[in-house]
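Below: one structure, written as structure tokens.
The values are calculated or read from the model by the stated rules, or taken from the named source; none is laboratory data. On a predicted model such as this, the values are computed, not experimentally measured, just so you know. Cβ atoms come from the backbone with ideal geometry, glycine included; neighbour counts cover every protein chain shown.
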Amino acid sequence: MTRYATIIGTGRHVPETIHTNDMLKQQIDPDLARVVDSFQDSSGILARRLAPRDWAASDIAVRAAQDALQAAGITAEQVDMILLGTDTPDYITPATSIVVQHKLGAVNAGTYDIGCACASFPTGIATAAGLLATNPWMNHILVVGVYMMSKLADPSDVTSFFYSDGAGAAVVSTDSKPGFISSAYLADGAYHDYWGLYAGGTYEPASVEAVEAGRTNVRLLQRYPPDVNHENWPRIVRMLAERGGFEVGDVDLAIFTQVRLPSIKLVMEDLGLPLERTHWVMDKWGYTGSACIGMCFDDAIDQGKVKPGDLVTLVGSGVGYNYAGVALRMP
């Protein structure tokens, strides 16, 4: 019998502490306060969420994972594999997924990290589908996206506007009917030195000089071209449709990286889809990077925007620059 993959439960964790744009203005250079207003207008972000400062990314991830397991009706002991996507790991090594496995009590699960920033969650879903299709002993795979960039940012830097904490998760399991339909990927490494954490790895090991110069904090060194997502998000959706044998107009819900609401509106217009067929959470939860697609997907499910049989596309774009998308039929 052919083994298919489907999502049987989703979850999220949204930290309680709210950090508004007015609060951000109080911690940066007063001359840059107008930039916050400009960022608000161009992104739709009104506030961000901050996890406790004594937490690590794994602590946020575990709470989202527990929420997804509860929704799926399975226990941590039933999980065969944990795929964790993040660019804010607990450590450079060991992998954050192994920390989550321990804290979650998933004693029978293998683990590995996926490191393609905001593209990590759809990459994780596609990878889980492939693992389930080719490994008859696997039945349940936990996919988690987590982001805690606020802890790796300079709070006096105006780009802290974008860094919100959170995690989203999904349980992907075997089914007799197709749930996973298709995947698509793109990348352009020419943008690798635009935005990132550039000291602390092998390119520049951590040093007193690097810390004092702020190079161990996340930095925006160059601005991305404004159309980098406007062109490639629709391209990914069309690739998913071609490979999955459906029409773009058949998509019931399209979710994109939660960084700029105007970009989502432009892309939906490009695709010829009405705005009610997308969902966004950046206005209330800020930009949550590797976690944002999972969080947005779970919120859409909670709000009744996803019904059995719906065709859903998840498209993420991550610094570097890379893109990943999946098309799913909901059970």
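So that you can scan it fast, the table gives a plain yes or no per residue for (1) closer than 30 Å to Arg63 by Cα; (2) out of contact with any helix residue (DSSP H, G or I) (no Cβ under 8 Å at 6 or more places or on another chain); (3) of a type in the set (A, V, I, L, M, F, W, C):
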| position | (1), (2), (3) |
| --- | --- |
| Leu186 | no, no, yes |
| Thr216 | yes, no, no |
| Leu221 | no, yes, yes |
| Gly245 | no, yes, no |
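Determine whether the range 73-89 contains at least one residue that is among the hydroxyl-bearing types (Ser, Thr, Tyr), buried (at least 20 other Cβ atoms within 10 Å of the Cβ) and not assigned by TED's automatic domain parsing to the domain that holds Lys265. Scanning the range 73-89 turns up at least one residue that is among the hydroxyl-bearing types (Ser, Thr, Tyr), buried (at least 20 other Cβ atoms within 10 Å of the Cβ) and not assigned by TED's automatic domain parsing to the domain that holds Lys265.
Residue count for the range 201-216 under the criterion of being among the charged types (D, E, K, R) and loosely packed, with under 11 Cβ neighbours inside 10 Å: the result is 2.
When Ala210, Ala133 are checked against the criterion of being more than 19 Å from the chain's Cα centre (by Cα), assigned by TED's automatic domain parsing to the domain that holds Ser263 and in a helix (DSSP H, G or I), a single residue qualifies: Ala210.
Given the condition in a helix (DSSP H, G or I) and in contact (Cβ under 8 Å) with a residue 60 or more places away in the chain, answer yes or no: does some residue in the range 6-13 qualify? Checked against the condition, which is being in a helix (DSSP H, G or I) and in contact (Cβ under 8 Å) with a residue 60 or more places away in the chain, the range 6-13 yields no hits at all. Of everything in the range 211-236 that is touching a Phe, Trp or Tyr at 6+ places or on another chain (Cβ under 9 Å) and among the aliphatic types (A, V, I, L, M), the residue that is nearest to Asp193 (Cα to Cα) is Leu221.
Annotation: of all residues in the range 20-58 being within 20 Å of the chain's Cα centre (by Cα) and assigned to a strand (DSSP E or B), the one that is surrounded by the most Cβ atoms within 10 Å (Cβ to Cβ) is Arg48.
Taken over the range 213-233, the criterion of being touching a strand residue (DSSP E or B) at 6+ places or on another chain (Cβ under 8 Å) and assigned to a helix (DSSP H, G or I) is satisfied by Val228, Asn229, Asn232, Trp233.
Taking the condition of a type outside the set (A, V, I, L, M) and at pLDDT below 95, does Tyr194 pass?
Taking the combined requirement at face value, the residue satisfies it.
Scan the range 170-194 for residues that are part of a loop (DSSP other than H, G, I, E, B) and either of a type in the set (D, E, K, R) or on the phi > 0 side of the Ramachandran plot (or both) and jot them down. Correct list: Lys177, Asp188, Asp193.
For the range 1-21, filtering for residues that are at pLDDT 95 or above and out of contact with any Phe, Trp or Tyr (no Cβ under 8 Å at 6 or more places or on another chain) leaves 12.
In this structure, Met295 does not qualify as touching an Asp or Glu at 6+ places or on another chain (Cβ under 6 Å), modelled with pLDDT of 95 or more and hydrophobic (A, V, I, L, M, F, W, C). Taken over the range 260-274, residues that are buried (at least 21 other Cβ atoms within 10 Å of the Cβ) and touching a residue at least 60 places away in the same chain (Cβ under 8 Å) amount to 1.
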